[in-house]
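See structure below.
The values are calculated or read from the model by the stated rules, or taken from the named source; none is laboratory data. These numbers come from a predicted model, not from an experiment. Because the Cβ atoms are built from the backbone with ideal geometry, glycine has one as well, and the counts that use them run over all protein chains shown. The area values use the complete protein model at the heavy-atom level, side chains included, leaving out ligands, DNA and RNA. Shrake-Rupley method; radii C 1.70, N 1.55, O 1.52, S 1.80 Å.
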Amino acid sequence: MVLGTLTDHALAIHTSGQNTERIRIDANGLKFNGDTAAANALSDYEEGSWTPQCKMEGQSSFATIDGVSAHYVKVGHLVHVFCNFSFDGTPSGRSTSAAVEVHGLPYMHRHGYDKVSHDIRVHAWETGTTYGSDVTFIQRMIANSQYFRVEALQAGYNGTRNASLFIINNTNFKLSFTYEATT
């Protein structure tokens, strides 16, 4: 270990007669592989929990959810959120042409456009409905907002956002994704 001043510490690997710096801690934060630029320093790390709230797209009231376990890890501007919750009852405002909106993300996302992602698990949806069980779930970040939508795309049906399939009592959501935050 090579030590500098109290605000400048580095860890170097000695190979082939040379010290190669791998990690540096200074007043700007943590830097890697000999990088000394203050703009590249990792200076922000946070872990916490968040409280998701769900409603149908276009509706004003939030649905009741149970068994909420929602956490995040923030490193710099990247936020990784993961959560698990279940619907308690079947919302009266569910619609075949609306998505589920999940509000309460811990940080506003940076995207100025709608961004589609995935890694969503939804269990206990109605497989006996008009369009059957061949459903793909997607997550769509809404531009300049602090929420996202869960949409259902059904094979053989020219439409999206058919939330009536899965917004029912005891539907269990498991979500995990990473997004870029504004701060």
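For the condition more than 24 Å from Asn169 (Cα to Cα), open to solvent by 70 Å² or more (accessible area, probe 1.4 Å), out of contact with any Gly (no Cβ under 7 Å at 6 or more places or on another chain) and modelled with pLDDT of 80 or more, Ala27 qualifies. Beta carbons closer than 8 Å, at least 6 apart along the sequence or on distinct chains, pair a first residue in the stretch 59-78 that is farther than 20 Å from Asn172 by Cβ and polar (S, T, N, Q) with a second that is open to solvent by less than 30 Å² (accessible area, probe 1.4 Å) and in a strand (DSSP E or B) for Gln59/Ala98.
Give me the residue from the stretch 30-75 that is among the small types (Gly, Ala, Ser) and surrounded by 15 or more Cβ atoms within 10 Å (Cβ to Cβ) and, out of that set, nearest to Phe166 (Cα to Cα).
Residues of the stretch 30-75 that are among the small types (Gly, Ala, Ser), as a first pass: 34, 37-39, 41, 43, 48-49, 58, 60-61, 63, 67, 69-70.
Still in the running and surrounded by 15 or more Cβ atoms within 10 Å (Cβ to Cβ): 41, 63, 70.
Working: Ala41: 43, Ala63: 13, Ala70: 20 Å.
In this case the residue turns out to be Ala63.
Taken over the stretch 63-111, the residue count meeting the criterion of being aromatic (Phe, Trp, Tyr) and assigned to a loop (DSSP other than H, G, I, E, B) is 1.
Among residues of the stretch 130-153 being open to solvent by 10 Å² or more (accessible area, probe 1.4 Å) and touching an Asp or Glu at 6+ places or on another chain (Cβ under 8 Å), the one that is modelled with the lowest pLDDT is Phe137.
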